[in-house]
Amino acid sequence: MKNNQLDFLWDVSKTLSDSYDAEKIVYSIQKCLKKYINCEKAEVFIWDKNTKTVKNFSKNWIAIDSTKQDYYLHQILDTFEILKNAIIYNDTVYSLVTGEKTNLTIKKLKNNNLIKIYLPLIRKDSVFGFVELDIVQEKEKISSELLKTFGVLLYQLSSSILNNILNNRMQINVNFHDAMKNIAKIIESQYELSYIIPLIGEMIDRFVSSHLIYIFLHNEKQGFQLLWPNACHEKHIGEMLKHINKNSEFIISEDKHTGIFPLIQEKKLIGAIVAYSNIDVLSNNDIQYLQQLSNQSSITIQRASVYGEILKHATLDALTGLNNRRQFDVRLGQEVSTAKRKKTSLCCIMIDVDYFKKVNDTYGHIAGDCILKQVGKIIPKELREYDIAARYGGEEFSILLPFTSIQEAFAVAQRLRKAIEETEMDISEARVPNTKTIKVTASFGVSEYVETIKDPKELYKMADSALYEAKERGRNRVIVYYAKN
């Protein structure tokens, strides 16, 4: 073997040992090849036996279009099944054992003056994919030295790519168990379905990334109602849902692009999780994972409903640990009554996290919950022991400051606004690629108790009115409501 071939194989071996993700493996091989054999492009394709499709290895296992699918299946893979130790050079098949042409030929793919070379990927005696190389047109024919080079290369490539696939499968299992665990843990911090459903949806969607995930809830009067995401435009999903009842198992469409997984708890149909793709089919593994995730989601939703009924009479917000809205309303009545009777000062602050919907839409509801929990920790640090802080609902917080003037309340609000603005909010729990922390701001409205107030809720409404003005005037600011005498 010539020195340049040895150098090439050394480069490939070193590159593969340093490459871990699929995209880097393919890019590195292409870079190495270009130095020695004028390779314009390299692609790796994997034969997925579960779905019976050829998928692009470096592009998140996306199934290729139907025209190429047929060509790769019936020309390339069929040829390698007949003769595994071979390479396909344009339309000619060479044996890597003898170095000679064989009687096998394939239909030539239109390639704009490029030579197409195909190398099989072999595991034991089975072909699990192939490498496609685009080589600049050259006058000389394929040499025995080049065949020897490719013969060694394909085994190095096969081993490296197979290791990557096995690592990915292990990671999928880890992600699956994480998703199951996280869905089960949701009710530790949330019990409102409007919060729980998006969290479950995002966890499953992140796990089954090749399919869109929809979550429907069901009741006897209205039937199936979509709760996550905001819209579903696939009419066939509605038709498939009509065939789901409390005794149903999962339903898979004939083309295997859509799966309906019922949510059933205590022999009652409470909803369905739908997985849909117009490209990828559901593999047997996907179906098994989705079935188990749906079972866990059923349990979580049912428990959350029961837990929610119990917490209606509780005083603390499950997510932040602050007072909940019900307790705030109780304390509001008590503090207004005290201020009126003793003629003492009382102020209210309303807080709204700015652009919170954008946070949810960009980073996911799990990230949104991380923000709310951290804001819930910042607020008490700026208050006295007898001040009353609550999560009023969604991204809104409320504070009652007994024995506090409007000037002092304004100062408290400004300290809180600055503390929130300067805090790096940790959203690592949401597992957003390349994003561990983000910054947010908040808007504030401040009001003061006056004797003309008859209903305690007026104090809150005045602060809410000032909050609305703060948002209208650009957000991340404090506005004070001055009552008219």
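Of note:
- Residue that is farthest from N360 (Cα to Cα), among those in region 474-485 that are modelled with pLDDT of 95 or more and either open to solvent by 80 Å² or more (accessible area, probe 1.4 Å) or among the hydrophobic types (A, V, I, L, M, F, W, C) (or both): V480
- Exactly one residue out of L319, L282 is touching an Asp or Glu at 6+ places or on another chain (Cβ under 7 Å), aliphatic (A, V, I, L, M), open to solvent by less than 40 Å² (accessible area, probe 1.4 Å) and modelled with pLDDT under 95: that is L319.
- Flag if A339 is open to solvent by less than 20 Å² (accessible area, probe 1.4 Å) and either within 23 Å of F397 (Cβ to Cβ) or of a type in the set (D, E) (or both): yes
- Among residues of region 160-175, those that are open to solvent by less than 80 Å² (accessible area, probe 1.4 Å) and either under 21 Å from R431 (Cα atoms) or in contact with an Asp or Glu (Cβ under 7 Å, 6 or more places away or on another chain) (or both), counted: 5
- Filtering N284, N219 for residues that are farther than 30 Å from S66 by Cα and either within 18 Å of the chain's Cα centre (by Cα) or not small (G, A, S) (or both) leaves a single hit, N219.
- Restricting attention to region 90-121 and to residues that are open to solvent by less than 20 Å² (accessible area, probe 1.4 Å) and of a type in the set (A, V, I, L, M), the residue that is farthest from K148 (Cα to Cα) turns out to be I106.
- Answer residue from region 66-89, given it is within 13 Å of L104 (Cα to Cα) and of a type in the set (S, T, Y) and is most open to solvent (accessible area, probe 1.4 Å) among those: Y89
Yes/no per residue for (1) at pLDDT below 90; (2) not hydrophobic (A, V, I, L, M, F, W, C):
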site	(1), (2)
G259	no, yes
P262	no, yes
A275	no, no
R303	yes, yes
G308	yes, yes
H313	yes, yes
N324	no, yes
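- Among the residues making up region 61-89, those that are in contact with a helix residue (DSSP H, G or I) (Cβ under 8 Å, 6 or more places away or on another chain) and either modelled with pLDDT of 85 or more or under 18 Å from S144 (Cα atoms) (or both) are N85, A86, I87, I88.
- Contact map, region 157-182: residues that are in contact (Cβ under 8 Å) with a residue 60 or more places away in the chain paired with residues that are open to solvent by 70 Å² or more (accessible area, probe 1.4 Å) and part of a helix (DSSP H, G or I), Cβ distance under 7 Å, separation 6+ or inter-chain. Pairs shown: M180/Q292.
Conditions (1) farther than 28 Å from Q69 by Cβ; (2) in contact with an Asp or Glu (Cβ under 9 Å, 6 or more places away or on another chain); (3) open to solvent by less than 30 Å² (accessible area, probe 1.4 Å), marked per residue:
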site	(1), (2), (3)
L226	yes, no, no
H243	yes, no, no
T258	no, yes, yes
G271	yes, no, yes
S277	no, no, yes
Q288	no, no, no
S298	yes, no, yes
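- Residue check for I183: on the phi < 0 side of the Ramachandran plot, of a type outside the set (G, A, S) and either crowded, with 19+ Cβ neighbours inside 10 Å or in contact with a helix residue (DSSP H, G or I) (Cβ under 6 Å, 6 or more places away or on another chain) (or both): yes
- Elements of type strands (runs of 3 or more DSSP E) contained in region 199-271, each with 1 or more residues being touching a His at 6+ places or on another chain (Cβ under 8 Å): 223-228, 258-265
- Lone qualifier among S58, S28, S13, S19 - being modelled with pLDDT under 65, closer than 21 Å to L162 by Cβ and surrounded by 13 or more Cβ atoms within 10 Å (Cβ to Cβ): S19
- Considering residues of region 416-438 that are assigned to a strand (DSSP E or B) and of a type outside the set (A, V, I, L, M, F, W, C) only, the residue surrounded by the fewest Cβ atoms within 10 Å (Cβ to Cβ): T437
- Residues within region 193-212 that are over 14 Å from N175 (Cβ atoms) and among the aliphatic types (A, V, I, L, M), tallied: 6
- Criterion violated by L241 - all others in (1) under 24 Å from the mean Cα position of the chain (by Cα); (2) modelled with pLDDT of 90 or more; (3) not hydroxyl-bearing (S, T, Y) satisfied: (1)
- Within the option set T441, T452, being touching a residue at least 12 places away in the same chain (Cβ under 8 Å), open to solvent by less than 90 Å² (accessible area, probe 1.4 Å), of a type in the set (S, T, N, Q) and more than 14 Å from L400 (Cα to Cα) holds for one residue only, T441.
- Cross-chain or 6+ apart pairs with Cβ under 7 Å, region 461-485 first and on the phi > 0 side of the Ramachandran plot, then in a helix (DSSP H, G or I): N476/R417; N476/E421
- When residues of region 389-398 are limited to those that are modelled with pLDDT under 95 and surrounded by fewer than 20 Cβ atoms within 10 Å (Cβ to Cβ), the one farthest from N323 (Cα to Cα): G394
The values are calculated or read from the model by the stated rules, or taken from the named source; none is laboratory data. This is a predicted model, so every value here is computed, not measured. FYI the Cβ positions are ideal-geometry reconstructions off the backbone, even for glycines, and counts take in every protein chain you see. For the accessible areas, the whole protein counts, side chains as well, though only heavy atoms, and no ligand, DNA or RNA atoms are used. Shrake-Rupley method; radii C 1.70, N 1.55, O 1.52, S 1.80 Å.
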